[in-house]
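Okay, so here's the structure we're looking at.
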Amino acid sequence: MTNATVTADRTAANNTAFTIIAAISFCHLLNDMMQSLISALYPMLKTNYGLDFGQIGLLTFTFQVTASLLQPLIGVYTDKRPQPYSLSVGMGFTLVGLILLAFADRYWLLLVASAMVGMGSSVFHPESSRVARMASGGRHGLAQSLFQVGGNFGSALGPLVAAFIVLPRGQSSVAWFSLAALVAMIILWQVGNWYSAHRAATGKQRSPSATIALPRRKVLIALTVLGVLVFSKYVYMASLSSYYTFYLIHKFGLSVRDAQLLLFVFLGAVAAGTIIGGPIGDRFGRKYVIWGSILGVLPFTLAMPYANLEWTIALTVAIGLILASAFSAIIVFAQELVPGKVGLIAGLFFGFAFGIGGIGAAVLGEVADIKGIDFVYNVCSYLPALGLLTLFLPNIEGSKRKTLKPSTP
């Protein structure tokens, strides 16, 4: 085989890999857009069904806990028995959940619809994270960020489509978004074809990446610290994604539509922050990104409860940009701590993020009913201080460089 042929083959492989990452990211956009419709509909559902904040929190809890409980189990199973076409099947659960959400006329049916959408997420996230890593070409942080930014943009689109499509046309218009689920199923079936062919081509051989040998106790401590950091990030994010519109309406007298638009601005900042975090982590080290993201957002969260409307908008944009950069770094950091368990780690951390976000939303809803929505943001403003625990994470980037050094020419 000539050098030109080898170069052409490598270029084609790289192009294919980025095409797959783009496809997975786009499906992540559709998936999370459909999911975010649930929280974007909260003001309308609260009025139509006479719900209190506790019941709103239970809807979020049902969706996120359904997703979180299944994700690690699916991750463990697919680590041993990869399922290339499970992504398309999982999206089918989301499709059913959306149709049910569109025509539900009782609160318990809303809970069932939330659970169905959560089941779709439980299948999608661990396997799609694995596909992104497979297609990364070694740039794991970049691939994870590109994958996750699709989800963040989708989450940002949810309030926008709710404000301009669902709110004017009513709950039944949600059914139209089942077409997005159908499109995602078709794309994911093609991704499944690539996944299956990639496995057949590579067999069971491992990539030549470095293995970081750390004592079991140190790995467990590091995973625990990462879990606490995910807790601080996602409980704070739940306070904004679930209750930010109510906060703006209560404190500044905004209309539902204006509040939804500002939620879109915040979620757009989250999307931008996500794509920044991965490449920076690849270049400078994921531990630095985690430090800067979790702890660095603390001054902004502490200031927000005391800000006027203009400063609230500015602060939430800064919070979204900074805080969002952490998760891709945390996922890749954890996958490098436990090599060979990509699905398990993705399932655990995505699942824990969903679960703790759901529990946080439910608890914060009850607190808001008792103490008021302002009290919620005063309490949550201290959560990023847990970023100090990053001090206990090992320097695995340094260990990796030492491991790779003897094999370099």
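The values are calculated or read from the model by the stated rules, or taken from the named source; none is laboratory data. As the structure is a computational prediction, the values presented were derived from the model and not from experiment. Here the Cβ is made from the backbone with ideal geometry for all residues, glycine too, and neighbour counts use every protein chain on show. These area figures cover heavy atoms from the full protein model, side chains too; ligands, DNA and RNA do not enter into them. Shrake-Rupley method; radii C 1.70, N 1.55, O 1.52, S 1.80 Å.
Can you tell me which residue within the stretch 38-60, out of those that are hydrophobic (A, V, I, L, M, F, W, C) and buried (at least 23 other Cβ atoms within 10 Å of the Cβ), is farthest from GLY150 (Cα to Cα)? The residue in question is PHE53. In the stretch 230-246, which residue that is over 10 Å from GLY360 (Cα atoms) and hydrophobic (A, V, I, L, M, F, W, C) is surrounded by the fewest Cβ atoms within 10 Å (Cβ to Cβ)? Residue satisfying both the conditions and the ranking: PHE246.
Among the residues of the stretch 264-291, the one identified as of a type in the set (A, V, I, L, M), at pLDDT below 85 and under 14 Å from ALA40 (Cβ atoms) is LEU267. Of the numbered criteria (1) closer than 25 Å to ASN193 by Cα; (2) at pLDDT 85 or above; (3) out of contact with any helix residue (DSSP H, G or I) (no Cβ under 6 Å at 6 or more places or on another chain), the one ALA180 fails is (3). Inspect all residues belonging to the stretch 289-306 and state whether any of them is in contact with a Pro (Cβ under 7 Å, 6 or more places away or on another chain) and either open to solvent by 10 Å² or more (accessible area, probe 1.4 Å) or without any contact (Cβ under 8 Å) to a residue 60 or more places away in the chain (or both). Checked the stretch 289-306: at least one residue is in contact with a Pro (Cβ under 7 Å, 6 or more places away or on another chain) and either open to solvent by 10 Å² or more (accessible area, probe 1.4 Å) or without any contact (Cβ under 8 Å) to a residue 60 or more places away in the chain (or both). Which residue is nearest to ILE319 (Cα to Cα), if the candidates are limited to the stretch 332-391 and must be part of a helix (DSSP H, G or I) and among the hydroxyl-bearing types (Ser, Thr, Tyr)? Top of the filtered list is TYR377. Go through the stretch 356-395 and report how many residues are without any contact (Cβ under 8 Å) to a residue 40 or more places away in the chain and of a type in the set (D, E, K, R). Residues in the stretch 356-395 being without any contact (Cβ under 8 Å) to a residue 40 or more places away in the chain and of a type in the set (D, E, K, R): 1 in total. Please indicate, with yes or no, whether at least one residue in the stretch 228-236 is more than 17 Å from VAL376 (Cβ to Cβ), among the basic types (Lys, Arg) and not in a loop (DSSP other than H, G, I, E, B). No - not one qualifying residue is present in the stretch 228-236. Checking GLN190, GLN205 one by one, the residue that is open to solvent by 90 Å² or more (accessible area, probe 1.4 Å) and modelled with pLDDT under 90 is GLN205 and no other.
Residue pairs whose Cβ atoms lie under 6 Å apart, sitting 6 or more positions apart in sequence or on different chains, and linking a residue in the stretch 66-93 that is at pLDDT below 75 to a partner that is crowded, with 20+ Cβ neighbours inside 10 Å and among the small types (Gly, Ala, Ser), are ALA67/GLY118; ALA67/SER121; ALA67/SER122; SER68/GLY351; SER68/GLY355. Could you give every pair whose Cβ atoms fall below 7 Å, whose first residue belongs to the stretch 15-35 and is of a type outside the set (Gly, Ala, Ser), and whose second residue is surrounded by fewer than 16 Cβ atoms within 10 Å (Cβ to Cβ), counting only separations of at least 6 or pairs across chains? Pairs found: LEU30/VAL183.
Restricting PHE327, PHE350 to residues that are modelled with pLDDT under 80, buried (at least 19 other Cβ atoms within 10 Å of the Cβ), within 28 Å of PHE53 (Cβ to Cβ) and out of contact with any His (no Cβ under 8 Å at 6 or more places or on another chain) narrows the list to PHE327. For the stretch 355-372, residues that are in contact with a Leu (Cβ under 9 Å, 6 or more places away or on another chain) and either hydrophobic (A, V, I, L, M, F, W, C) or at pLDDT 80 or above (or both) total 3.
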